Each structure stands twice: as structure tokens, then as C-alpha cells.
Amino acid sequence: MNTPVKSILKIALPLLLGGILVWYSLQKIPIETLIVYFKNANYLWIGLGVFLGILSHISRAYRWKFMIEPMGYTLGFPNSLMAVFSAYLINYTVPRAGEVSRATILANYEGVPFEKGFGTIVAERVADALVMFLIVIITFFLEFDFIYNFLFAGINFKNQWLFLIFIIAILFGLYLIFKKGEHPLILKLKAFFLGFLEGVLSIFKMKKKWAFIAHTLFIWGMYVMMFYVTTFSLDAISNLPFSAVLIGFIAAGFSIALTNGGIGAYPLAIYAAFSIFDIAEGPSLAFGWIMWTSQTVMLVVLGGVSLILLPFYNKFNSKH
């Protein structure tokens, strides 16, 4: 497949998928019903969720400074913050293009070589992936009985042991394939996991590693809290158990990788997660749309303002 066609497909397919998921979501909850939920929502809680989201992005911008400094550069906080917001906005148009734009902004306005800036962003994503994995593990242990009963309800004890043996056998087989395999795809996977491990270990070699770790935990704490407080905006789901919040948060987080900024996928992922707890379809989808819309509007506004202000700010605050 030639490069132009591949580039077009990278942009078109996520947008097409997002459009299909939006259509499917609106088949499950009519737009008129959705509007009623939006009208009756408590916007004080939505506003608090947006505020916590902004705090997480401010912390992300500040955390970036700890990754740049060991390379001998000083990253100005205004440029760092505007680059972060700009990247989020650009990711709504072309998947993963935001990361490239952040490194480009850094190169243009802070004099950090593109490859070095991009390397810090990759390492940052490694740290975020690790925390997301930890949230999944913590949720699994906190809700082990619930998840176990949900997965294995109706399966007798003997079959459960057979299923467990089957899973262990598959994992052992994958381990052998991963260890001894020489296929190009397996070698690529090996390189990915080794790079991931190297990225994780590099965090602990930082001069300000504890500050970096504290900001990382704060960022993800704000993500969880913005999701949690926004549930209070709808009476129908205001008494959700925290386990439902965590599982909904995880599902929503993974949905963002499917389409540009989670368009279409985000509400459906929350609906799927909440349905495990027998939460009604209408409020689940409405909350998903309220959550996605509030965060998207915030990122579009602040990202747009950042893109406009960047050249003006740097024109009047030039270091060169």
C-alpha cells in the first residue's frame, strides 16, 4: 500500500468508525431524550469535573519540565502548557498527531531538537500506560469477587479449574513463542516490550524522579476524580458504587484509543461498563455523552486558544 493512501486511511478510518459509533449510540438513545438529560444535568458538578481535568493537564505540562531538564534545556511553563492543550486538540483531527505537534512546538519555540522532545513524550506515555495498568490491577483486586462472579457465574467448580488451566497453558505458550520466536512480528513485539521496560526504568534514573512520580499520580488521580464527580450531575446515576466508577473509567479510557478523542466510542464504552451493574441504558449513555462533551469542549476551547496564542506569546517573549 502506497504512503498517500495509507495516510488517508489513518485519518479516514477512525473518523468513519467514530461516525458509525455516534449513529449507533443515537439509535439506543434518541437525540430528543439526550437533550432532556443535558437540560436536567447539574452543571456545578460538570464544571467541577472540567476544573479537575484542567488541573490534570496543568500538572502534565509541569511534569514535562522534569523530563526536559536532564537534557540541558529549560522548558518554559507557558509553552509547555499551550503545547499540551494544542496536542489534545490536534489529536481530535489526526490520531497521534498531537504528540508530533508537541515535539514540533518544543523545537520551534524552546530550541529542543524534535527527536529529543518526541522521546520525552514517548517516555511520558510509558509512565501513563503503567499507571493505567496499575488502576486496572487495583480495580481487579478491589472487586475480585464481583468480577469473578460476573465472569464465572453458572460455571461449575470443575469447569472453572479447567478454564484456569487453559488460560495458564495459553500464557505459557505465548511466553515460549515470545522467548524463542524469530518471526518479524514477534521481534517487533519484543522490541516494543523491551522499549517499554526501558522507558519505565528510565523514570527511576531521573534527577527529580519523585516529583515526576508525584505529578503522574496526581494526573491520574484527577482523571479518576473528574469522572467520579461528574456522575453526580445526573440523579439517575448519582449513587453509583465506586467500583462501577472505576470500571467505567477504565472502559472509557480504552475507548479513546479506538477513535479520535473517543468520539462515539466513549459513551458506548461507559454504557457497556455500567450495564454490568444493571444501570439503565438511558442514564448510562447520557452520562457518557455529558462526560465526553464537557471534556471535549474544554480541550477544543483551550487547545484553540493555545494554538492562537503560541506565536504571539513567543514573539513578545523571545529568548533569542
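The values are calculated or read from the model by the stated rules, or taken from the named source; none is laboratory data. Quick caveat, the model's predicted, so the values are computed rather than measured. Because the Cβ atoms are built from the backbone with ideal geometry, glycine has one as well, and the counts that use them run over all protein chains shown.
Overview of values
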| quantity | calculated |
| --- | --- |
| Among the residues listed as Phe114, Phe85, the single one being at pLDDT below 90 and either closer than 16 Å to Tyr223 by Cα or aromatic (Phe, Trp, Tyr) (or both) | Phe114 |
| Residue under evaluation Val94, criteria (1) under 26 Å from Trp292 (Cα atoms); (2) surrounded by fewer than 18 Cβ atoms within 10 Å (Cβ to Cβ); (3) of a type outside the set (Lys, Arg); (4) at pLDDT 75 or above, criterion not met | (4) |
| Verdict on Ile20 being β-branched (Val, Ile, Thr) and surrounded by fewer than 17 Cβ atoms within 10 Å (Cβ to Cβ) | yes |
| Matching option when the condition is of a type outside the set (Val, Ile, Thr), assigned to a helix (DSSP H, G or I) and touching a residue at least 12 places away in the same chain (Cβ under 8 Å), among Phe85, Phe133 | Phe85 |
| Qualifying residue in the range 247-261 (condition: touching a residue at least 12 places away in the same chain (Cβ under 8 Å), of a type in the set (A, V, I, L, M), over 29 Å from Thr93 (Cβ atoms) and part of a helix (DSSP H, G or I)) | yes |
| Among residues of the range 113-129, those that are touching a helix residue (DSSP H, G or I) at 6+ places or on another chain (Cβ under 6 Å) and within 23 Å of Ile213 (Cα to Cα), counted | 8 |
| Among the residues listed as Phe77, Phe66, the single one being among the aromatic types (Phe, Trp, Tyr) and in contact (Cβ under 8 Å) with a residue 60 or more places away in the chain | Phe66 |
| Cβ-Cβ under 7 Å pairs, at least 6 apart or on other chains, the range 26-44 side in contact (Cβ under 8 Å) with a residue 12 or more places away in the chain and over 23 Å from Met226 (Cβ atoms), far side among the aliphatic types (A, V, I, L, M) and surrounded by 14 or more Cβ atoms within 10 Å (Cβ to Cβ) | Lys28/Leu285 |
| The range 111-127, subset touching a residue at least 40 places away in the same chain (Cβ under 8 Å) and over 25 Å from Ile256 (Cα atoms), residue surrounded by the fewest Cβ atoms within 10 Å (Cβ to Cβ) | Gly111 |
| Members of the range 77-105 that are more than 18 Å from Val300 (Cβ to Cβ) and of a type in the set (Phe, Trp, Tyr) | Phe77 |
| Extreme residue, surrounded by the most Cβ atoms within 10 Å (Cβ to Cβ), among residues of the range 202-213 that are of a type outside the set (Lys, Arg) and outside any helix (DSSP H, G or I) | Met206 |
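Here is a yes/no grid of residues against (1) within 30 Å of Phe274 (Cβ to Cβ); (2) touching a Gly at 6+ places or on another chain (Cβ under 8 Å); (3) of a type outside the set (Gly, Ala, Ser):
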residue	(1), (2), (3)
Lys65	no, no, yes
Leu75	no, no, yes
Pro78	no, no, yes
Leu89	yes, yes, yes
Ala97	no, no, no
Val100	no, no, yes
Asn108	no, no, yes
Ile121	no, no, yes
Leu134	yes, no, yes
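Yes or no, residue by residue, for (1) crowded, with 23+ Cβ neighbours inside 10 Å; (2) at pLDDT 90 or above; (3) assigned to a helix (DSSP H, G or I):
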position	(1), (2), (3)
His215	no, yes, yes
Trp220	no, yes, yes
Met225	no, yes, yes
Ala236	no, no, yes
Ile279	no, no, no
Leu285	no, yes, yes
Thr296	no, yes, yes
